[in-house]
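The values are calculated or read from the model by the stated rules, or taken from the named source; none is laboratory data. Since the model is a prediction, treat every value here as computed from it, not as a measurement. Reconstructed Cβ throughout: ideal geometry from the backbone, glycine too, with neighbour counts over all protein chains shown. These area figures cover heavy atoms from the full protein model, side chains too; ligands, DNA and RNA do not enter into them. Shrake-Rupley method; radii C 1.70, N 1.55, O 1.52, S 1.80 Å.
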Protein chains: 2
Amino acid sequence: MASKLLMEKGLSDVGRGKGAGQREPSRALEPVNNRMPISPQIYERLRRAITTLVMLPSEALSEQDLAQQLGVSRTPVREALIRLADEGLIDILPQRGSFVAPIRLSDVEEAQFIREALEVSVVQRLAGHASQAFIASVRANLEMQRKAVAEGDRELFLELDEAFHRRLCEEAGLPRSWRVIQVVKLQMDRVRYLSLPEPGHLETLLAQHVEIFEALEAGEAKQAGARMTAHLREVLRTVQRLNLARPDFFGR
Amino acid sequence: MASKLLMEKGLSDVGRGKGAGQREPSRALEPVNNRMPISPQIYERLRRAITTLVMLPSEALSEQDLAQQLGVSRTPVREALIRLADEGLIDILPQRGSFVAPIRLSDVEEAQFIREALEVSVVQRLAGHASQAFIASVRANLEMQRKAVAEGDRELFLELDEAFHRRLCEEAGLPRSWRVIQVVKLQMDRVRYLSLPEPGHLETLLAQHVEIFEALEAGEAKQAGARMTAHLREVLRTVQRLNLARPDFFGR
DNA sequence: TGATACACACTACCATGGTAGTGTGTCAAT
DNA sequence: ATTGACACACTACCATGGTAGTGTGTATCA
């Protein structure tokens, strides 16, 4: 039973606090929509537990257990599991059980394909149409990335990395595309989480970000796309190494 | 109250029958996984009701009502609604109500963008790598499309159209990509459902299918991609017309 | 007439009980 | 030692009760 582990890693005690770490705006008279249902919160926690490998691939779950550990009833847990199954992070076998999906090479490769198709199109659309505010904010982001790398703060770098890619979609006016990317990216997040402690890796990623940005700023659509392709394919190298190092995480 | 309408259109009486019209294989010793939970069936029915405009945009729903009309409890209905909300077909306002999402121009356009990015990549990857079995099956599909057009069977043509595009993804070994396309396509399906009775439209689509196929067969990746782009953009013309004809279906 | 307090009728939401289906271990018979 | 039957523990699944939150209509007061 892995319940203790989950507890210690901070899975329990939901609490009706604020949603995903958003900054509190200093303006009064906000829409007050903080009364968020807890079901999405459960989803969020479980998703994080999976992508950070707190819950290991192929591990058996159960609505009952998770509900107890999280301190809520089975219903919101079940709803979260269904959603995670939709996204391919969990396999639900009717009347048998729910299991953390093993890392499937085919899924990772296809996620890579989807992400590449979308993000390349995004930067190509964006090239030459970037606003000044956008340029400035991305430049600031890249500067923070540089600091994170210098300080060796991998966690922070990951967040900035994500923000960088999300920002591109937002500027292009494509929020739903980012949602899709976010979902398929989940397949790779587990891989990346393991692969971080590789020397020089963060530097490579940062350099690629800068190159993409420069092509974008210069309005060179084709080059921006090509560089994005090269950048995203970095992950594939990682998954190959990991497949050899930890074959027990992988499945059919 | 639109309950009567829904009943008559075949929304009620779920029944634990077979899943989505699959052919029964004549081999013994099959996995027998026909004991499908009814929750996905409810989802399927609601989805169809929305895309075929049995349930109109902005129409108010309620777990309670739907459960009664469908003859099941509120739980599977709720689960279906959550999934539909995830896919952007339903807006759930906590503690207030659930509503069929209005057709949003921005959503339709972005769905178009996503689909284009993906499907163009698919045909480019596929060009020149198509198996003989694939060539044959697509050829058969196109022949059936021709018949459907000749007989003016719009419903059948839509199915064959969908099968055509799905087949491309399958042959490319990209089932998840088809899933993504399927989801974003939902945004356009409502539009298409209204726009069918336009003279010469089916002929145009069929001709485009043939052109894509020929480029694919000839291994001309670039041209296949270009033709797919042109093909998919047909929908945009439709949505513009419809926006003028039925502005009440559209929202923010 | 206009604004305000309030009761009511809804909603989605979470909790919980009951059930059919499935795997597993135990024990008997071969 | 292998196989088979059977009881049991476990699962996801659906049904249903209770509750907090929200909009709306309706009296009451200025």
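Numerical summary
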{"item": "Beta bridges per DSSP with both ends in chain B, % antiparallel, nearest 5", "result": "75"}
{"item": "Where only C-alpha atoms are counted, convex hull volume of chain B per residue in Å³", "result": "150"}
{"item": "Cα point-scatterer Debye curve for the stretch A:38-101, base-10 log of I(q)/I(0) at q = 0.14, 0.26, 0.28 Å⁻¹", "result": "-0.32, -1.23, -1.43"}
{"item": "Cβ-Cβ FRET estimate between A:K222 and A:R74, R0 fixed at 60 Å, reported to 0.05", "result": "0.70"}
{"item": "Axis-nearest residue of B (beta carbon) for the B-onto-A rotation, whole Å", "result": "B:A117, 2"}
{"item": "Average projection area in nm² (convex hull over Cα atoms of the protein assembly as shown, one quarter of hull surface)", "result": "26.9"}
{"item": "Carbon/sulfur fraction of accessible area - the protein assembly as shown, other protein chains in place, 1.4 Å, %", "result": "51"}
{"item": "Interface area, B with A, accessible, probe 1.4 Å, both sides summed, Å² nearest 100", "result": "2200"}
{"item": "Order by protection proxy (mean Cβ within 10 Å, highest first), peptides B:115-128, B:37-50", "result": "B:115-128, B:37-50"}
{"item": "B:T75, A:T238, ranked by accessible area, largest first (probe 1.4 Å)", "result": "B:T75, A:T238"}
{"item": "Heavy atoms of A:C169: accessible area, 1.4 Å probe, square angstrom to 10", "result": "0"}
{"item": "Most to least accessible of A:T52, B:T204 (protein chains only, probe 1.4 Å)", "result": "B:T204, A:T52"}
{"item": "Drop in accessible area of at least 50 Å² in the complex versus isolated chain, residues of the stretch A:83-109, 1.4 Å probe", "result": "A:D86"}
{"item": "Whole-number accessible area per residue in Å² for the stretch B:104-251, which is evaluated in the context of all protein chains at 1.4 Å", "result": "45"}
{"item": "Ellipticity estimate at 222 nm from DSSP helix runs (n ≥ 4, -39,500 (n - 2.57)) divided over chain A, nearest 500", "result": "-21000 deg cm²/dmol"}
